[in-house]
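Shown next, in structure tokens, is the structure this report addresses.
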Amino acid sequence: MSQATPAGPAPHMSALPSGDSSAPPALSVALCGNPNTGKTTLYNRLTGANAAVGNYPGITVESKRGSHRGPSRLWQVQDLPGCYSLVAHSPEEEIAHHALVGQYGPRPSVAVVVVDACNLARNLLLVLQVAELGLPVVVALNLMDTARASGWHIDVVGLESTLGCRVMPIVARSGEGLTDLRQAVEAVADRPELGQVAPTNWSLEVQTALEAARAVDPQLISASDGEIAWWLAADPALTDALMPGLGARLHAALPRDPAPGRDVRRRLVNERFARIDALVAGCVRRDAQHRRSTSDRVDDVLLHPLLGVVLFCLAMALLFQAVFAWATPMADAVNAAMGAVATVVGDHLPAGLLREVVVDGLLAGVGGTLVFLPQILVLFLGIALLEDSGYLARAAFLVDRLMAKAGLPGKAFVPLLSSYACAVPGILAARTIGDPRDRLLTILIAPLMSCSARLPVYTLVTAAVFAHVPKIGGVIAVGGLIVTAMYLLGFVLALLVALVLRRTVLPGAGAPLVLELPPYRWPRPANLARVLWERGRLFVTQTGATIVALSVVLWALMSFPRSDLDDVARHAAMVGVAQADQEGAIAARQSQVRLEHSIAGRMGKALEPAIAPLGFDWRIGIGLIGSLAAREVLVPVMAQVYGKGSRADVDDAFAADVGQAMTKSGGLTPLKGISLMVFFAIAMQCLSTLATMRRETGSWRWPLFALGYLNGLAWLASFGVFQLGRAWGYT
């Protein structure tokens, strides 16, 4: 499923010198580093790009490229996925390795390895491995402010002298040290010897193994010791994929001891870390009074097995309360503005088909998009705050205990969390999961997370049915609690489905979570603004375009074929409709007849027998048909179904207007509303998600499986809610 594996064998590493004459005139710079070292923050500083920045591993799934004007020339900067090593046991390691050796294009002129100044011992392993590929290296010693605050003292000059390459202390978040870093990169590009890390002094046993390995293949004869070390340490399956049969030949050529291949790999790792330990011991010391940081003391509370879980649930509940309550005034303002626009446009267009298309089709779709933008922005703001502060990494550890019991891999937390915004990036983030079964399992349950597209449906129901219910304690909105319950429902069902799939079609056990806990940091307003702008822009331009287009299509389906309504007017007069009310009554009746006889009405009536046990009538059936392409389309469709005769009062919230119209006609009651929310919380109603599943799994087998089990489960859950509610006397 990984998109990183190349179609053909990797070129011989020594055959691609950094000074290749075919390289572009711009300076090619690769940024690499462990997860959570600030690599992408540095990339954004250099390029001004909007790449995602987060406090947990896996957020940079694919490499990103951007340009930067250096001190004397243009740079082409590539941001590689965060990884702990280059032995390619996971997709992100595979992508990083292939980019550094030139698999995706010319090799970079300089590799900037971003290192966490507070965790040198772990980070320097990647520095050694990058240098072993023969690349000039500049070490960006990031997070120096945090290191100083934590009592770390680093002898930068001594570190640079011992390693043999340039080491530049920086603070990527504030820009400290970036001028010196930029100058160092260009100096190394002009004089590559300044970036050559001193080679590791391998033991006699390792040197013997390297020489034996070098002789097994003509392409390896001229390779350096570092390159041979990579081939010996790499995953055997990847070795054979890049150079068929090499894994077996290497195994046969190694010295005969109890476990030849594994023993050599262990020695390679141990000898690298022995070098790193000696280097750190000579260049790094820490003040005794800083042995226990403030982050450690806060973690005692937030990671407590009981109190930590309670605080996590409270944080999630507060987030959804904010989405439900705080965004309402902004939604009201947007709705009022769109209503005013519709009124002005309607007054200036002649009555007829054109005005109906523009007002009831196009503008209704635009309004149905923009009115939910405030809720979506509040949701993304909350997630970004938790992300930037460093709390999400702690939440991953808390949730991992529960996920492991369901057989989910620890790394599934990030994709599932991303799916609360949208299942598409969540599914793409599953590439960071190395095991194919674990990755597939995560993809199959990702759509159960309540994405932002479901939020308009939740808002419609809660605003119409529960808005007037008194707040609990005068503070907590009942609607917010119900929305929180829907989000919790999706997560609990995801765990149950994962447990079932683990015991049936995808047997196995999830890999443990290996995750670094970053220090707590104040969220940066610039980063929050960038996230909100990017998310809002994507919602309006991509999701909004879909909603508007489908709204126009559904308007046509609900308006054609045109019916002869003269008999309606005659019937209204015969039954004695008062003259003052006759025009409005006839218009409402005409709208109802037109809808019932339209193409969409006939489709809804055909679907009604299947959805009636859920409490839905044929009009909601029209919405369900439209929402197959995108869930959020339900609200503008319902607005057209229930408001074709006249537009609702623009002073009220858009969703409340639609929901109240449904309530007055009997189409929506508290029980029917909860049944509808449960259905939408589970059902697969997103063509983009299905297409992404198809791309990531390589076939239609698993997307169709997900479509079947999710929609079947949604029908059963909604059926159970409605029928049990009726049996207990609810309506």
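So for segment 443-460 (the condition being touching a Phe, Trp or Tyr at 6+ places or on another chain (Cβ under 6 Å) and of a type in the set (S, T, Y)), does at least one residue qualify?
Pass one, segment 443-460, residues touching a Phe, Trp or Tyr at 6+ places or on another chain (Cβ under 6 Å): 449-450, 454, 456-457.
Those still in the list that are of a type in the set (S, T, Y) too: 450.
Within segment 443-460, one or more residues are touching a Phe, Trp or Tyr at 6+ places or on another chain (Cβ under 6 Å) and of a type in the set (S, T, Y).
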task = Give me a count of the residues in segment 443-486 that are in contact with a strand residue (DSSP E or B) (Cβ under 9 Å, 6 or more places away or on another chain), more than 16 Å from P670 (Cα to Cα) and in a helix (DSSP H, G or I).
result = 2
query = Does L489 qualify as being outside the structural domain of N34 (by TED's automatic domain parsing), surrounded by fewer than 17 Cβ atoms within 10 Å (Cβ to Cβ), in a helix (DSSP H, G or I) and of a type outside the set (G, A, S)?
reply = no
message = Taking the condition of being of a type outside the set (S, T, Y), part of a helix (DSSP H, G or I), surrounded by 14 or more Cβ atoms within 10 Å (Cβ to Cβ) and modelled with pLDDT of 90 or more, how many residues in segment 148-164 meet it?
response = 5
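Given the criterion of a type in the set (D, E, K, R) and within 17 Å of A485 (Cα to Cα), identify the matching residue among R454, R431, R437, R394.
Details: R431 fails: within 17 Å of A485 (Cα to Cα); R437 fails: within 17 Å of A485 (Cα to Cα); R394 fails: within 17 Å of A485 (Cα to Cα).
Going through R454, R431, R437, R394 in turn, the sole match is R454.
If you go through segment 143-161 one residue at a time, do you hit one that is more than 19 Å from S85 (Cβ to Cβ) and of a type in the set (K, R)?
Yes, segment 143-161 contains a residue that is more than 19 Å from S85 (Cβ to Cβ) and of a type in the set (K, R).
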note = Conditions (1) of a type in the set (A, V, I, L, M, F, W, C); (2) more than 28 Å from the chain's Cα centre (by Cα); (3) modelled with pLDDT of 90 or more; (4) part of a helix (DSSP H, G or I) -> A121 fails only (3)
query = Restricting the first residue to segment 693-713 and requiring it to be under 16 Å from L493 (Cα atoms) and of a type in the set (V, I, T), which pairs with a second residue that is at pLDDT 90 or above and surrounded by fewer than 18 Cβ atoms within 10 Å (Cβ to Cβ) meet a Cβ separation below 9 Å and a spacing of at least six or different chains?
reply = none
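Is one or more of the residues making up segment 202-215 without any contact (Cβ under 8 Å) to a residue 24 or more places away in the chain and aromatic (F, W, Y)?
No: segment 202-215 contains no residue that is without any contact (Cβ under 8 Å) to a residue 24 or more places away in the chain and aromatic (F, W, Y).
For segment 184-207, check the following and say yes or no: at least one residue is on the phi > 0 side of the Ramachandran plot and out of contact with any Gly (no Cβ under 8 Å at 6 or more places or on another chain). Working first, answer last.
Within segment 184-207, the subset on the phi > 0 side of the Ramachandran plot is none.
Scanning segment 184-207, I find no residue that is on the phi > 0 side of the Ramachandran plot and out of contact with any Gly (no Cβ under 8 Å at 6 or more places or on another chain), so the answer is no.
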query = Would you say R394 is surrounded by fewer than 22 Cβ atoms within 10 Å (Cβ to Cβ), at pLDDT 80 or above, assigned to a helix (DSSP H, G or I) and not aliphatic (A, V, I, L, M)?
reply = no
request  = Output the number of residues of segment 627-650 satisfying the condition of being part of a helix (DSSP H, G or I) and modelled with pLDDT under 50.
outcome  = 0
task = Could you tell me whether segment 582-599 includes any residue that is of a type outside the set (S, T, Y), part of a loop (DSSP other than H, G, I, E, B) and modelled with pLDDT under 70?
result = no
query = Which residues, taken from segment 397-421, are surrounded by fewer than 24 Cβ atoms within 10 Å (Cβ to Cβ) and not in a helix (DSSP H, G or I)?
reply = A406, G407, Y420, A421
query = Given the conditions (1) touching a Lys or Arg at 6+ places or on another chain (Cβ under 8 Å); (2) modelled with pLDDT of 85 or more; (3) closer than 19 Å to H98 by Cβ, and given that G70 satisfies all but one, which numbered condition is not satisfied?
reply = (3)
Residue satisfying condition, being more than 20 Å from G712 (Cα to Cα), crowded, with 20+ Cβ neighbours inside 10 Å, at pLDDT below 80 and small (G, A, S), within set A511, A526, A464 = A464
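The values are calculated or read from the model by the stated rules, or taken from the named source; none is laboratory data. Please read these numbers as outputs of a predicted model, since none were measured by experiment. Because the Cβ atoms are built from the backbone with ideal geometry, glycine has one as well, and the counts that use them run over all protein chains shown.
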